[in-house]
Amino acid sequence: MKNMPKLVTPAQAAQVIKSGDDIVLANFCSEPRYLPMAIMERAPELINVRLFHMAVQGPFVQNYLGKEMETHIKCATPFCGRNPTIRQLLKNGKADFYPISFSKIPDLLRKGEIKSDVFIVTVSPPDDDGFCSLGISVDYAWGAIERPAKIIIAEINPNMPRTSGRTALHISKIDYITEVNEPLFELPQSSISDIERKIGGYVSELVNDGTTLQIGYGGMSESVIYFLKNKQNLGIHTEMVADGLRELIITGTVNNSQKSIHQGKSICTFSAGTKMLYQWLDKNPLIEMYPVDYTNDPTIIASNRNLVAINTALQVDLYGNIYADMLGLSDQYSGAGGQLDFAIGCALTNDAKFINVLSSTSNHDTVSRIVIHPSIETNNPIAPQVPTVPRYLSDYVVTEYGIARLKGKTNRERAKSLISIAHPNYRALLTRQAHRLGLL
């Protein structure tokens, strides 16, 4: 067991970093408030440091744009979170991208394939027994914590909720602490568009009473939550618990009574939303948080009876390939996240539904999101080119014009079904293109 941690300022903690180190940043809204910026301010003194993270929240990200910053501190990520700075760095070859699914990150950290010399994290204050809580972000944290010879630097923040599941980290495992009392990062909440209302209505038709839900990150998929309020006995086995799921649990729509594993509990690997959500999570026994290599393990996913997984796509081609993380060939818009994990998990069982939702067009109806194939697109230079989920795993696709069922269907049947849910302005063109390729 390590000695008790040393209390330091963020600037003093940043002095621990040395050239050649790889730093792992806690995920999403669990990102520390001050440590990342303190490290960035030390950048001129450092060479060949890498900072690994997924979606980032703090202003430190702007420091990546400094002249030749990549020689000092270089971004490394498997998920851009649509952040324009990270996307531009990748386009310019000034950042590293890992094309991996969410579930694989902890194993790569443990094995050292993703190097991790220092882990920086936000935790709750310790309880009477000395245990802090990882709070709203467990996901890949244990992959970084469990590697030997690890330096752990923590911001102890009383606003971090104490959550249930595998979240307890003894303070003796932490090397340096800095005390802060700042709100956790929050996600802005937006109103639901007319298109999202239509899509949510169609998706609700595919969700039966007693279903266990996974709902992916993103406004389009999260908006579906608000159209499930008339359902009964729903369960949750997902990556992220957001404010909408909190409402379903409070009202009793979600009670997890019909789940085949973790009955009575909503399972996730991280949470992100508002202060109200974080306060509700504090000491809430109904929510259990586990590492992402458990929640997103396809065999665990497949253990959930009557699972419905709902994720967002950028584009779908008439063969059924799902494009969800890149624009063109050079703009890494997000990443695979857990979408591929749940696609595989759903494919391993006979009663799951894997649903991708998307609006039928973009850019004010000038671009169709249902396409014959990216290689044939001529009027959309940033049409996604690299599939996130191959056609062999696709199942349901939903737009504001309806539902297309792809699983078990021929190429011809898929093409007809997808054309029927494309925007009416593009159905004739898609039909002509499909005929030329022999799909119709």
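Bear in mind that the values in this text are calculations on the coordinates, not laboratory data. Treat the numbers as computed from the prediction; the structure is a model and nothing was measured. When we count neighbours, we look across all protein chains shown, and the Cβ atoms used for this are built from the backbone with ideal geometry, even at glycine.
In nm, to one decimal, how far is the residue 41 label point from the residue 261 one, both placed 7 Å along Cα→Cβ? Distance between the two pseudo-spin positions: 4.5 nm.
For the pair residue 96 and residue 129, a Förster radius of 30 Å applied to the C-beta separation gives a FRET efficiency near 0.15, rounded to the nearest 0.05. Within straight cross-link reach of residue 229, meaning Cα distance under 15 Å, which aspartates and glutamates are found once same-chain residues fewer than 8 apart are removed? Once the sequence-local aspartates and glutamates are set aside, what remains near residue 229 is 205, 209, 243, 247.
Using just its DSSP H runs of length 4 or more, each adding -39500 (n - 2.57), the chain gives a mean residue ellipticity at 222 nm of -6000 deg cm²/dmol after division by all residues. Here 69, 289, 276 are placed in order of increasing Cβ neighbour count within 10 Å, fewest first, which gives 276, 69, 289. Between 420, 190, 360, the residue with the greatest mean-square fluctuation in the GNM of the chain (Cα pairs under 10 Å linked by springs) is 190. Annotation for residue 279 and residue 19: the two label points, set 7 Å from Cα along the Cα-Cβ direction, are 4.9 nm apart. Placing unit charges on the Cβ atoms of the charged side chains and taking the dipole of the chain about its Cα centre, the candidate lying farthest along the positive direction among 60, 319, 285 is 319.
DSSP bridge analysis restricted to segment 6-179 gives an antiparallel fraction near 10%, rounded to the nearest 5. If you take all other residues with their beta carbon under 13 Å from the beta carbon of residue 16, and give Lys and Arg +1 and Asp and Glu -1, the sum is 0.
Summing Cβ point charges (Lys, Arg +1; Asp, Glu -1) relative to the Cα centre of the chain gives a dipole of roughly 1120 debye. For a Förster distance of 45 Å, can you work out the FRET efficiency between the beta-carbons of residue 366 and residue 407, rounded to the nearest 0.05? Efficiency for this residue pair is about 0.90. Compared with the direct C-alpha span, the chain from residue 205 to residue 226 gains 6.2 nm at full extension, assuming 0.36 nm per residue. Straight-distance candidates among the lysines for linking to residue 150, with alpha-carbon spacing under 29 Å and chain neighbours fewer than 8 residues away dropped: 2, 6, 18, 74, 94, 104, 111, 115, 173, 283. On the basis of the beta-carbon distance and an R0 of 56 Å, residue 330 and residue 9 show a calculated FRET efficiency of 0.90.
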